[in-house]
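Undergrad: First the structure, then my questions, so here it is.
Bear in mind these aren't lab numbers, they're just calculated from the coordinates by the rules spelled out. Since this is a predicted model, take the numbers as computed values, not measurements. Ideal geometry is used to build each Cβ from the backbone, glycine not excepted, and the neighbour counts take in all protein chains shown.
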Amino acid sequence: MLVFDKIKDLKKCLTDKKKTGATIGFVPTMGALHQGHISLITISKAETDFTVCSIFVNPTQFNNQTDLTKYPRTPQKDIALLEEASCDVLYMPDVEDVYPKNDNRQFNFGYLDTILEGEHRPGHFNGVGQVVSILLAGIQPDKAYFGSKDYQQVMIVKELVKQLQLSTHIIACPILREPDGLAMSSRNTRLSGEERKIAAHIPVMMQKAIALIKEKDINAAKDYIKAETTMHPLMKLDYYEVCDANTLQPLKQYIPLQSTISLIAVFVGNVRLIDNWPV
Ligand code: AMP
């Protein structure tokens, strides 16, 4: 695997590659890689000729400074995992290479930025817009792969690509889970043993809530999630919402043929975890 820390060197490599007619797949990450990230590399390798992964903890998407400083960083292990997955190129820049000058751009993602993660992490999606647009402009991949664990982020990135009229296809990939159902996340490594056990309750609650939506109604599911998270002293609910899966408009009533998604953000100790399940 080739490793670059400068976009100008990566661009030169990719220009040569593109001249051979190779298609480029791109997997942006913030590192502390796990099998969820690797599943994106695997899909990219299956669908394109040359896969580029980036590892960059993007400061502009953190609205909480502690979250940024505590974000796990495991570069040596990441490189080993990417080598094992036969990733072709890793781009691992420092902040200056991505932001040679301050990025003051303000995106307008409209409604999408006013709900759920947008509402609870002000400025987060603007930072995502900044970094993704810079990476896509530098790499110009044919396809870029994003995990559905960050369901709203995929919608934001699709909107970004539309607004900037970029030619990259955005591909949403399935969520990889631990054997007990907890969505894989770099943040899981920050959980203590006890917190990790409590976090395993998230997928259980989400499935029980889906049953309640179908058997009773959405409010019964919301009441259940509130009660369950309040009961656990180490859990604090940020939001639980049931939405139209295509627009993310919150639903009051479940309509069986309407594609529906349930989404949660919950603190376990100091670690904020997100998950989503189709209904
Ligand atoms: P992150 O490093 O957390 O920014 O994630 C980089 C990419 O990996 C994003 O597109 C995430 O949605 C995706 N990702 C993270 N966790 C998972 C998972 N458990 N399954 C599939 N994709 C994931």
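Undergrad: Among 96, 228, rank each residue by its count of other Cβ atoms within 10 Å, from fewest to most, as a rough exposure measure. Don't jump to the answer; show the numbers that get you there.
TA: Details: 96 9, 228 19.
Ascending Cβ contact count within 10 Å gives the list 96, 228.
Undergrad: I want to verify a result. In a Gaussian network model of the chain, Cα cutoff 10 Å, which of these has the top mean-square fluctuation: 102, 126, 64?
TA: 102
Undergrad: Can you give the charge dipole size of the chain about its Cα centre, rounded to the nearest 20 debye, using +1 on the beta carbon of Lys and Arg and -1 on the beta carbon of Asp and Glu?
TA: Dipole size: approximately 160 debye.
Undergrad: For residue 70, go through the lysines and keep the ones whose alpha-carbon is under 20 Å away, minus same-chain ones fewer than eight residues off.
TA: Qualifying lysines at Cα under 20 Å: 236.
Undergrad: Lysines near residue 11 by alpha-carbon distance under 17 Å, same-chain residues fewer than 8 away left out - which ones?
TA: 19, 143
Undergrad: First obtain the Kirkwood hydrodynamic radius of the chain from its Cα pairs, then insert it into the Stokes-Einstein equation at 37 °C and 0.692 mPa s, and state the resulting D in µm² per second as a whole number.
TA: The estimated diffusion coefficient comes to 166 µm²/s.
Undergrad: I want to verify a result. In a Gaussian network model of the chain, Cα cutoff 10 Å, which of these has the top mean-square fluctuation: 171, 55, 41?
TA: Between 171, 55, 41, it is 171 that shows the largest mean-square fluctuation.
Undergrad: Mind checking the dipole of segment 26-88: about its Cα centre, +1 per Lys or Arg Cβ, -1 per Asp or Glu Cβ, Debye to the nearest 20?
TA: 300
Undergrad: Mean-square fluctuation check for the chain, GNM, Cα pairs under 10 Å: which of 84, 159, 195 is largest?
TA: Maximum among the listed residues: 84.
Undergrad: Which one of 54, 242, 38 is farthest out on the positive end of the charge dipole of the chain, using unit charges on Cβ (Lys, Arg +1; Asp, Glu -1) and the Cα centre as origin?
TA: Farthest towards the positive pole: 54.
Undergrad: Related question: Kindly provide the helix-only [θ] at 222 nm of the chain, computed as the sum of -39,500 (n - 2.57) over DSSP H runs of four or more divided by all residues, to the nearest 500 deg cm²/dmol?
TA: Only helices count here, giving -12500 deg cm²/dmol.
Undergrad: Here is a follow-up. Need the list of aspartates and glutamates near residue 197 for cross-linking: C-alpha distance under 17 angstrom, and skip anything on the same chain fewer than eight residues off.
TA: Result set, ordered by chain and number: 178, 180, 228, 275.
Undergrad: State the Cα centre-to-centre distance between segment 133-200 and segment 25-52 in whole Å.
TA: After rounding, the separation between the Cα centres reads 11 Å.
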